[in-house]
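Here's the structure we're looking at; comments come further down.
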Amino acid sequence: MRKSILWGWGILLGAITAVFGQSNLAIYDGALESGWQIWGWATNNPATTSPVYNGESDSISVSCSGWSSLYLAASAFDSTPYTNLVFYANGGASGGQTLAVAGVVGGTGQSYYILSGTLPANKWTNIVVPLSVMNAADSQMTGVWIGIQKEAASPTFYLDDIYLQAGPPAGPGLTNVINIDVAQNRHAISPMI
C-alpha cells in the first residue's frame, strides 16, 4: 500500500514538473548569456559597472541616436514556452526616455511596441512586455530590439536582468496594479459579523 501511494505521488509530482517545469530564459544578468550576442545601431557597453540592478556586476549602457536600438540576437529558438520579455531599465542622470521594444522572428524585426510612460532618472524600473504585443509569441524567435523610436537622440539609459519569462502571459496592459483603499466604503462583509 505504502509503495503504491509513493508511486502515485511520484507520478503527480512528475506531471506538475512537466506542466510548470519550464524555466525562464536568461539573456543578460550582469553578463551576456551563452548563445546571445549584442548587435544593433545604438552605442552600447555591456560591461558598465554603474548603475547596476540588484547587486549585479555590470549593466548595459545604451545611447541611441535617432531611430536606433540595441539588438540582442540569438540563433532561432521556439518562443512557445515563454510569454513575456522582462527587464530592468534605468533612465540614467537625465531620465525621460520612452522605450520601444520589438521581437525579431526568423531574422526579421517585427513592429515596435512603444512603452507607455518614461524612464525616471536614476531609478530602476521593472518592465514586462508580453511577447504577443511584440508579434513574437509562438514563433521562431531570433532576438529582441530595445531602443528609441524617434528622430532625436536620447540620453543614455541602462538595462539589466533581461530574460524571457516562462509561464502565463501578463494581464491587460503592461502594469498590473491593484489599488485598494481600505478606508473607503467600509462595511461588514456579512451583517452577521
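Coordinate-derived values only; no laboratory data. Since we're looking at a predicted model, the values are computed, not measured. Positions of Cβ are generated from backbone atoms using ideal geometry, with glycine treated the same way; all protein chains shown enter the neighbour counts.
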ask   = Which far-off residues, 5 or more places away or on another chain, put their amide H under 5 Å from the one on S68, with H placed in the peptide plane?
value = I148, K150
key: Net +/- balance of residues flanking G103 in space, Cβ distance below 14 Å, scoring K and R +1, D and E -1   = -2
